[in-house]
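Report on the following structure.
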Amino acid sequence: GAVTAGRYTTGAADLTALAQGPVSITASQTDLSGNTGSATVGTVKDTVGPTLSLDVLDAINNANKAAYAFGGNCETGGGSVSYSLVSGAVANGAAVCSAGRFAASGVNATPLSDGTVAFSLSQLDAAGNNGMTSGSVGKDTVNPAVAFDAPVAIGAANQASYTIPGTCSEPGRAVAVS
C-alpha cells in the first residue's frame, strides 16, 4: 500500500472468497538496506446471520392465551431473539439467548385473533448479521358447544344399554359423558 507520513493504506480488497472464521493479515515492509519488518493481526470473517429455529409450537387456547410460551435455538454470543406474533393484533417481545437456546414465556396472546398466528423471529450476531425464521400455530379460544337431547327415562328395558344423545360443535372429536 501507499505510504504517507509514516502511515499506509491498502487499496480495496475483495475478500468474498475467504472462508468464514479466523483471518490472519500480515503487513511487511523492506527498507533500502534489505531489512524487513512485519506485523500480523487477526480478525474474523462473519457474513452469515445466526441460525434460528423454533421448537414445535403448542396451540394457543383458553388455558395458555394469557401467558403463552415458546422457545427454540439461537446463536450463542448473539443478541436477544426478537419476536412478533401476528393475527389481527400483534404481540412483540424479546427473549435472551443463552447456551444456544431461547425461551419466551408469559406472552399475552389474548389480543390476537383466533385462527392462524404467524411467528417472525430475528437475532443479530456480534458482527451485525441478521438471522430470521418464521412459523405459525393455530389459536382457538372458542369453547365447544355441547348440549343434550331430551333425556329418556331410565327403566328396566333400557338400563343395561342406555344411550345419551346430544349435539356438539366440534365434529370428529369425542364427547366425554359422566
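Count Lys and Arg as plus one, Asp and Glu as minus one, and take only other residues whose Cβ is under 15 Å from that of Thr47; the net charge is then -3. Rounded to two decimals, the Cα-based Rg/Rh of the stretch 1-79, with Kirkwood Rh, is 1.36.
Averaging 1/r over each pair of different alpha-carbon atoms in the chain and inverting the result gives 22.3 Å, the Kirkwood hydrodynamic radius. Per residue, the convex hull spanned by the Cα atoms of the stretch 21-121 amounts to 115 cubic angstrom. Highest average first, the peptides 82-90, 116-124 ordered by how many other beta carbon atoms sit within 10 Å of their residues are 116-124, 82-90. Is any residue of the stretch 86-123 close enough, with backbone N under 15 Å, to a label point placed 7 angstrom from the Cα of Ser134 along the Cα-Cβ axis, and if so, which? What the label zone holds, given the 15 Å backbone N cut-off, is 86-88, 116-123. What percent do you get for the relative contact order of the chain when only Cα pairs under 8 Å and 6+ apart count? Relative contact order here is 18 percent. Selection among Gly88, Ala174, Ala5 by position relative to the dipole of the chain gives Ala5 as farthest towards the positive end (Cβ unit charges, Cα centre). Protection proxy ranking, highest mean first, for peptides 48-56, 160-168, 137-145, 68-76: 68-76, 48-56, 137-145, 160-168, where packing is the per-residue count of other beta-carbon atoms within 10 Å, averaged.
Other residues with beta-carbon under 11 Å from the beta-carbon of Thr76 carry, at +1 per Lys or Arg and -1 per Asp or Glu, a net charge of -1. Rounded to the nearest 20 debye, the dipole size of the chain about its Cα centre is 160 debye, using +1 on the Cβ of Lys and Arg and -1 on the Cβ of Asp and Glu. To the nearest 0.05, how large is the calculated FRET efficiency for Thr47 and Thr141 if R₀ is 45 Å and r is the Cβ-Cβ distance? Efficiency computed from Cβ-Cβ geometry: 0.55.
No value in this document is a laboratory result; all are computed from the given coordinates. What you are looking at is a predicted structure, and each value in this text was computed from that prediction instead of being measured. Neighbour counts run over all protein chains shown; Cβ positions are idealised from the backbone, glycine included.
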